[in-house]
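Please read the structure below before turning to the comments.
The values are calculated or read from the model by the stated rules, or taken from the named source; none is laboratory data. Because the structure is a prediction, the values reported are computed rather than measured. Cβ placement follows ideal geometry from the backbone for every residue including glycine, while neighbour counts extend to all protein chains displayed. To get the accessible areas, we keep the full protein, side chains included, count just its heavy atoms, and leave off ligands, DNA and RNA. Shrake-Rupley method; radii C 1.70, N 1.55, O 1.52, S 1.80 Å.
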Amino acid sequence: MNPIKALSDAGFKSEYAYIGAFVSIGLSFVAWAASQAANKQDRAQADRWGIFVGHWAPTFMALGVALRLEEQ
């Protein structure tokens with residue numbers, strides 16, 4: 001079964017994926033900003049967390065495009 005069709009049939013809309021992308025960008029920025037106030041050891045962990053969350057954005061964008069095509 002097509003996972004994109006399954007998501008679409010379950011009511012997951014492309015707008016939700018786009019919102020997820022922008023939220024992940026925002027969370028990445030918040031993690032980076034929080035790392036600026038942390039001590040040196042905690043700063044590295046916060047930076048890695050920000051990078052990890054930032055990598056979600058392209059995935060959500062691609063999912064949004066796939067869902068948009070499925071909706072048409």
**Fill in**
How many residues of the range 29-72 are buried (at least 16 other Cβ atoms within 10 Å of the Cβ) and modelled with pLDDT under 90? The answer is 9
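Take SER14 and decide whether it is in contact with an Asp or Glu (Cβ under 7 Å, 6 or more places away or on another chain), within 18 Å of LEU69 (Cα to Cα) and surrounded by 15 or more Cβ atoms within 10 Å (Cβ to Cβ).
When the stated conditions are applied, SER14 passes them.
Looking only at helices (runs of 4 or more DSSP H) that fall completely inside the chain, which ones have 3 or more residues that are touching a residue at least 24 places away in the same chain (Cβ under 8 Å) and of a type in the set (Gly, Ala, Ser)?
Working: elements: 3-9, 14-37, 40-54, 56-71.
Because the criterion is at least 3 residues that are touching a residue at least 24 places away in the same chain (Cβ under 8 Å) and of a type in the set (Gly, Ala, Ser), the helices (runs of 4 or more DSSP H) in the chain that meet it are 14-37, 56-71.
Taking the range 1-11, which residues are of a type in the set (Gly, Ala, Ser) and open to solvent by 70 Å² or more (accessible area, probe 1.4 Å)? Lay out the reasoning, then the answer.
Filtering the range 1-11 for residues of a type in the set (Gly, Ala, Ser) gives 6, 8, 10-11.
Listed by number, the list holds a single entry, ALA10.
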